[in-house]
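Step one of this worksheet: look at the structure below.
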Amino acid sequence: MNEQKKQIFRIVYISLMVIAISVLHYSTPTMKWQYHLIYMQIYFIPILIAAFQFGVRGGLITALAVTALYLPHVMLQWGGLLETNMMRFLQILLFNIIGYLTGLKAQKEKEEKQKLQKVAEELKNNFKKLELQSEKLAELEEQLRLSERLSVIGELTASLAHEIRNPLGAIRGAVEIIRDEVPDKMRNFEFFRILIDETKRLNEVVENYLSYSKKSSTESIIFNPEEVAESSIFIISNLARKNNIDIEFINAENPIRIKGNPGDLKQILINLLLNAVQAIGKNGTINVILKPEINTFELIVQDDGRGMEETELTEIFKPFYSISEASQLPITHPDGPSSPLPALSTPRQAGTAPYRYLKNAVKE
C-alpha cells in the first residue's frame, strides 16, 4: 500500500468514527445523559488521531466537523439554552482548541523528525566521504612506503650497476677479441653477434639505471620493429624449446620503419616473452603479432597459459608484483613514446599483452 492510499484510508476511518459517534448521539434519548457524556468524550479520539496524522489542518478540520455535527444535536435535542448546556458548549470549544494545539505539536514534532532524518542522512553521507578519504589516505600511505622501498632499491641498484659495468665491458672486449682471432668463416657466426649486442644492451641498461634521476629522453633512431621482434624471439627460442613451447611470429605485410629506441622495445618484448613462457610452463604456443595502424603500430604477445584473475590484472603494473614462484620479470610502464595497453586475460585461460608504440611511426 503506497502512501497516498494510506492517507485516503486514514481519512475514511476518521470520518466514519465521527459519523458513528454522531449517530449514537442522535439515536440515544436525552434522558440517558450518562451515555451522551461518554459519547462526547469519545469525540476526542478521531480529533487526536487526525491531529497526529495530518497536523494542524487535520486536527482543526476534524474538530470543526465534530462541531458541525454535534451542535445541531445540542440545539435541537437539548433545547440550546446556554444555562442548561454550558458544559456542552464548552466541550465544543475544547474540541477545537485540542484539535489545533495537538495538531500544532504533532506538526512541530514531524518537522523536527524530518530535520533529524536530514541531519542523519547528511552524517551518513559525510561518513561515506570520510571512509573514501580514509581509503585514499591508506593508498597514499602505501604509495609512500613503496616510494621508500623503491628509494632503497634504487640506491642498491646504483651500487650494483657500478659493480657490474666494468665486467660487462671486459666481457664485450673479450668476445670481440675472440671474434677477430677466429677464422673468417666463423666471424659471422650468429652467437658472436648476439653476445656483443646483448652485452651492449646490458651496458645500456646499467647506464640507464645510473643516470635515471637525470634521464629526460632516450636516443632515437629509425629502425624496423620486425627485426627487433625476430631478435627477441631468437633469444627466448632456446628456453621455449626446452619447455616444448612454440613461438609463432605474425609480421606485417608491408615493412614498418619507426623512430625510437630499439633497446627499450627489445627489453619490453623479452620481458613479455619470458612472462608468457613462465605462464605456460610446459607445452603451449606463444603468438607474437605485429599490427600496423595509422601512424602507430601494435605489438601483441599472446599465450595459452594459466591466465590471471581480475584482481591480478589490477596489480601487474605495480613494482615487485609477481604471480610466479620463479623470479618473473615485472611488467612496467615505459617512459618513452610508447605505452602498454590494458592486459587482457581470463582466469585459467589464455592471456594477451598488447603494446602500442604511440609516436613517430612511419611506413616505407
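The values are calculated or read from the model by the stated rules, or taken from the named source; none is laboratory data. These figures come from a predicted structure and were not determined experimentally. Counting neighbours? That spans all protein chains shown, and the Cβs are built from the backbone with ideal geometry, glycine included.
Observations
- Meets criteria (within 24 Å of Ile8 (Cβ to Cβ), at pLDDT below 90 and exposed (fewer than 12 other Cβ atoms within 10 Å of the Cβ)) for Glu111: yes
- Number of the exception - Leu69 against (1) over 18 Å from Leu104 (Cβ atoms); (2) touching a Pro at 6+ places or on another chain (Cβ under 8 Å): (2)
- The single residue among Ile38, Ile49, Ile14 that is part of a helix (DSSP H, G or I) and either surrounded by fewer than 17 Cβ atoms within 10 Å (Cβ to Cβ) or touching a residue at least 60 places away in the same chain (Cβ under 8 Å) (or both) turns out to be Ile38.
- Within the range 109-152, the set of residues being among the aliphatic types (A, V, I, L, M) and in contact (Cβ under 8 Å) with a residue 40 or more places away in the chain comprises Leu146, Leu150.
- Residue within the range 76-93 that is in contact with a helix residue (DSSP H, G or I) (Cβ under 6 Å, 6 or more places away or on another chain), free of Cβ contacts under 8 Å to residues at least 24 places away in the same chain and either not acidic (Asp, Glu) or not in a helix (DSSP H, G or I) (or both) present: yes
- Ile8 vs. criteria touching a Gly at 6+ places or on another chain (Cβ under 9 Å) and either assigned by TED's automatic domain parsing to the domain that holds Gly103 or closer than 20 Å to Phe89 by Cα (or both): no
- Check on Ala65, within 30 Å of Met17 (Cα to Cα), touching a Phe, Trp or Tyr at 6+ places or on another chain (Cβ under 6 Å) and in a helix (DSSP H, G or I): no
- Test: Glu142 is within 39 Å of the chain's Cα centre (by Cα) and at pLDDT below 90: yes
- Filter pass, Leu71 being outside any helix (DSSP H, G or I) and in the same structural domain as Ser27 (by TED's automatic domain parsing): no
- Test: residue in the range 148-160 that is surrounded by 12 or more Cβ atoms within 10 Å (Cβ to Cβ), at pLDDT below 85 and of a type in the set (Val, Ile, Thr): yes
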